1. Using 7 Å Cα-to-Cβ label points, what is the D61/S114 separation (nm, one decimal)?
2. Can you check what the net charge comes to around I51, using other residues whose Cβ is under 13 Å from the Cβ of I51 (Lys, Arg +1; Asp, Glu -1)?
3. Determine by what factor the alpha-carbon radius of gyration of the range 49-97 differs from 2.2 N^0.38 Å, reporting the quotient.
4. Calculate one ³J(HN,Hα) per residue across the range 75-91 by plugging θ = phi - 60° into the Karplus curve 6.51 cos²θ - 1.76 cosθ + 1.60, and present them in order as whole Hz with x for glycine and proline.
5. Kirkwood-based Rg over Rh for the range 1-67 (C-alpha set), two decimals?
6. Please give me the summed charge of the neighbours of G35: other residues whose Cβ is under 14 Å from its Cβ, Lys and Arg +1, Asp and Glu -1.
7. Based on the Cα coordinates of the chain, what is the per residue volume of their convex hull in Å³?
8. Which net charge results for the neighbourhood of L18, defined as the other residues with beta-carbon distances under 14 angstrom from its beta-carbon, given Lys and Arg at +1 and Asp and Glu at -1?
Amino acid sequence: QVQLVESGGGLVQPGESLRLSCAAFGSISSINLMGWYRQAPGKLRELVATITKGGYTNYVDSIQDRFTISRDNAKNTVYLQMNSLKPEDTAVYYCNLWQSGHDYWGQGTQVTVSS
């Protein structure tokens, strides 16, 4: 089994930054994809960014170079650096790990951007 533990959410003002972290524990494959998704109130969960173990990244267009995903393979940890946050970034952010045909999800961490 795999467990994902997220941290780093909170309440910030527009224009500020936050860094989310997600550590994976358990049976971690040598080949996997890690990423972040988010779900705003009343909306479907959407992809934010993904990163392969080799460091290839993919971002949703709306991020517009404000967010950066990275990972530490030795720690099985993925990060999401979020800069220039906007009120529309408010959502629950979920960590995801895909390996061997299975999806694993974290419990979610709330990010609220408000003045």
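1. 3.0
2. On the way: positive: K53, R71; negative: D72.
Net local charge, I51 excluded: +1.
3. Values: Rg = 11.4 Å, N = 49, 2.2 N^0.38 = 9.7 Å.
Taking the Cα Rg and dividing by 2.2 N^0.38 Å, one obtains 1.18.
4. 9, 6, 10, 10, 10, 9, 8, 10, 10, 6, 5, 10, x, 6, 7, 4, 4
5. Values: Rg = 13.7 Å, Rh = 13.9 Å.
Looking at the range 1-67, the ratio lands at 0.98.
6. On the way: positive: R38, R45, K53, R71; negative: E6, E46, D103.
Here the charged neighbours net out to +1.
7. Numbers: hull volume 10.9 nm³, N = 115.
Value for the chain: 95 Å³ per residue.
8. Details: positive: R19, R38, R66, K86; negative: E6, E16, D89.
For residues surrounding L18, the net value is +1.
The numbers here are math on the coordinates, done by the rules we state, and not lab data. Since we're looking at a predicted model, the values are computed, not measured. All Cβ positions, glycine included, derive from the backbone under ideal geometry; neighbour counts span all protein chains shown.
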